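> Below you'll find the structure I mean.
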Amino acid sequence: MTSNGTVMLRRMLGQSTDGSLVDRIVEDVAMQIIDGRLAPGADVNSVELAKRYSSSRTPVREALLTLQREGLVDIPARRRPRVAPVTLDQIRDVYEVRASLHGLVSELIVRNAPDITVLHEFQAKLAADAERGDVDSYFWHNVAFRQAEAEVAGNTQLARMLSSLGLRTLQLRHVSLSLPGRLDKSVSDHDRLLRAYCDGDADLAVAITKSIIKSGLRAIETSGWAA
């Protein structure tokens, strides 16, 4: 995991920089699920996790319960924990909500005309990541771009609602950006979005934002990734 990814994930989980053993296990397993090393339906071996961290089973159980609350892990009765499966219908529901909420973010940015220097800074990082073909770095800078958008939009409740969508959205977004040709397309779309912000064109900004999110959904739908 990149250092930027570590910071972003801890922030989304509400963890401190000197997290507990449970926090570290949550971070470890969450990242493996988000970046695809643990696929939907795969077993999450609690015995191996306990050995890896030289711990008892108790911290592992606590960590897996946290991941269950985040929607990333299922813990069936009398069976091994597993990465939670996800269906296309569930993915479409998530992306419908994301498109609506992020569309409102874009509308507020144009209406309030805040300083969006931070968005241009992240866009430069995205372009450099895409040039290198660095999917993981691009992904985390993209997450940071979207969080920065929510913050500069100036609506605290809206930012909280977006955060409440949880880690499952990260898993889906990583899948989408990992597919061929997606990085260059994403950079181009974000360039268009920033121009719409600078031009004060709310309708265009909202349309581009929703198009970006729906493009990610289409990529997942055609990839065969979901159950």
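Bear in mind that the values in this text are calculations on the coordinates, not laboratory data. What you see is a predicted model; the values in this text were computed from it and never measured. Reconstructed Cβ throughout: ideal geometry from the backbone, glycine too, with neighbour counts over all protein chains shown.
> Put +1 on the Cβ of every Lys and Arg and -1 on every Asp and Glu Cβ in segment 126-216; which of ALA144, ILE208, HIS174 then has its Cα farthest towards the positive end of the dipole?
So the residue furthest toward the plus end is HIS174.
> Once the piece of chain linking ARG79 and SER211 is laid out straight, how much longer is it, given 0.36 nm per residue of separation minus the C-alpha distance between them? Please list the in-between numbers first.
Working: separation 132, 0.36 × 132 = 47.52 nm, distance 4.09 nm.
Net length gain for the segment: 43.4 nm.
> Search the structure for amide H atoms under 5 Å from the amide H of VAL73, placed 1.01 Å from N in the peptide plane, and list their residues when 5 or more places away or on another chain.
Distant-sequence amide H within range of VAL73: GLN68, ALA84.
> Same structure again: Using the basic label-point model (7 angstrom from Cα toward the beta carbon), what is the THR222 to VAL118 distance in nanometres?
3.4
> Based on the alpha carbons, how large is the Rg to Rh ratio for segment 64-129 when Rh follows Kirkwood?
Here Rg/Rh amounts to 1.19.
> OK, next. How long are the semi-axes of the ellipsoid equivalent to segment 128-227, from square roots of 5 times the Cα gyration tensor eigenvalues, in whole Å, largest first? Walk me through the numbers on the way to the answer.
Values: eigenvalues 95, 60, 37 Å².
Output for segment 128-227: semi-axes of 22, 17, 14 Å.
> Follow-up question, since we're still on this one. Using the crude model of +1 on Lys and Arg Cβ and -1 on Asp and Glu Cβ, and no other charge, please compute the dipole size for the chain relative to its Cα centre, in debye to 20. Before the final figure, lay out each step's value.
On the way: 29 positive and 29 negative charges, 186 e Å.
My answer is approximately 900 debye.
> If you plug each phi of segment 70-85 into the Karplus form 6.51 cos²θ - 1.76 cosθ + 1.60 with θ = phi - 60°, what whole-Hz ³J(HN,Hα) values come out, in order, with x for Gly and Pro?
Taking θ as phi minus 60°, the curve returns 7, x, 8, 10, 9, 10, x, 5, 6, 9, 5, x, 9, 5, 4, x Hz for segment 70-85.
> Per-residue HN-Hα couplings for segment 47-52, Karplus 6.51 cos²θ - 1.76 cosθ + 1.60 at θ = phi - 60°, whole Hz, x for Gly and Pro?
In residue order, the calculated couplings are 5, 5, 5, 4, 5, 4 Hz.
> Between ASP28 and MET161, what is 0.36 nm times their sequence separation minus the Cα-Cα distance? Round to one decimal in nm. Working shown, then result.
On the way: separation 133, 0.36 × 133 = 47.88 nm, distance 2.49 nm.
In short, 45.4 nm is gained.
> Which percent of Cα-Cα pairs in segment 187-227 sits in each 10 Å bin, short to long?
29, 41, 21, 9, 0
> Show me, for segment 90-99, the HN-Hα J-couplings you get by feeding each phi into the Karplus relation (A = 6.51, B = -1.76, C = 1.60, θ = phi - 60°), rounded to Hz, glycine and proline as x.
5, 5, 4, 4, 4, 6, 5, 5, 4, 4
> Something else: Which whole-number percent of Cα pairs in the chain have a distance greater than 33 Å?
Details: 4667 of 25651 pairs.
Roughly 18 percent, once rounded to a whole number.
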